[in-house]
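For reference, the structure is listed below as structure tokens.
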Amino acid sequence: MSSDFDSTETHSDQRDERDEAPQFVLPLVVRIEKTDPPARTDALETAARAVLTLLADERSLGEGEDEGEWARAVRDWQDARIRKVVRRARGAEWRKASELPGITVTGEHAEVRVFPPVPLDGWPKELAKLQVSGTDLDDPEAPAEPAPGGPVLWMSPGLDMSAGKAMAQAGHGAQLAWWELSEAERAAWAASGFALSVRTAEPGRWAGLAASGLPLVRDAGFTEIAPGSATVIAEHPALTGK
């Protein structure tokens, strides 16, 4: 479920300085027990909140003497191509993963643990052995309408993605929105517990959102979908009209 995005609105196959930098990946692990898996939308929303929680954590912030223990890895990761990989775990696998430095974020039922970025070839053995495939989840009921006035990560209606792939894309969308916000706006979002919704847009709405100038994720096409595919649009009230 490796996933990458180009932060500009146009995808390019040309290499730039981000390609030349050391490449890191943000690991996310979703807990999927055989008899009690989370709903798909709950997992997507929890993954997006997990990414934001790591970005806002004091261990990810600062420079020099004030640098948090994860800050260098987070900075190196963001200076290169922003990659996220979602793996799944259950039982003893989940317990072992939970012992590694990271943050577990819970949704209505979903649990996602996010870890500080690691080199592409430097995964901890407890995470490297976890399965990537098989993160296929469903919504037992159609998700309710998003909370009025709240942030919404709109998924493309024209793409068929596995739950793991979609979780990574939701995380990308949340991160693009985070980058666009002021410090005060970030603090307000954090104070809300990073309240957000993830929904699939109707085709007409997607077209309007795509023309709005809001943050838009374009996937690098490493897995599942074609390079340059627009996957998520981040609609945050603080960004509307900017």
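Step by step: first the residues of the stretch 104-125, then only those that are surrounded by fewer than 17 Cβ atoms within 10 Å (Cβ to Cβ) and within 16 Å of Leu26 (Cβ to Cβ), then the one that is nearest to the chain's Cα centre (by Cα). Which residue is that?
Thr104
Hand me the list of strands (runs of 3 or more DSSP E) wholly inside the stretch 103-192 holding 1 or more residues that are within 29 Å of Ala211 (Cβ to Cβ) and of a type in the set (Val, Ile, Thr).
Hits in the stretch 103-192: 152-155.
A quick yes/no check of all residues on (1) crowded, with 23+ Cβ neighbours inside 10 Å; (2) in contact (Cβ under 8 Å) with a residue 12 or more places away in the chain; (3) under 25 Å from Ile32 (Cα atoms):
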{"residue": "Ser156", "(1), (2), (3)": "yes, yes, yes"}
{"residue": "Met161", "(1), (2), (3)": "no, yes, yes"}
{"residue": "Gly173", "(1), (2), (3)": "yes, yes, yes"}
{"residue": "Ala177", "(1), (2), (3)": "yes, yes, no"}
{"residue": "Phe194", "(1), (2), (3)": "no, yes, yes"}
{"residue": "Ala207", "(1), (2), (3)": "no, no, no"}
{"residue": "Ala226", "(1), (2), (3)": "no, no, no"}
{"residue": "Ala234", "(1), (2), (3)": "yes, yes, no"}
{"residue": "Pro237", "(1), (2), (3)": "no, yes, no"}
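Is there a residue being crowded, with 19+ Cβ neighbours inside 10 Å, over 16 Å from the mean Cα position of the chain (by Cα) and at pLDDT 95 or above anywhere in the stretch 197-204?
Scanning the stretch 197-204, I find at least one residue that is crowded, with 19+ Cβ neighbours inside 10 Å, over 16 Å from the mean Cα position of the chain (by Cα) and at pLDDT 95 or above, so the answer is yes.
The values are calculated or read from the model by the stated rules, or taken from the named source; none is laboratory data. All values reported here derive from a predicted model rather than from experimental measurement. All Cβ positions, even for glycine, are placed from backbone atoms using ideal geometry, and neighbour counts span all protein chains on display.
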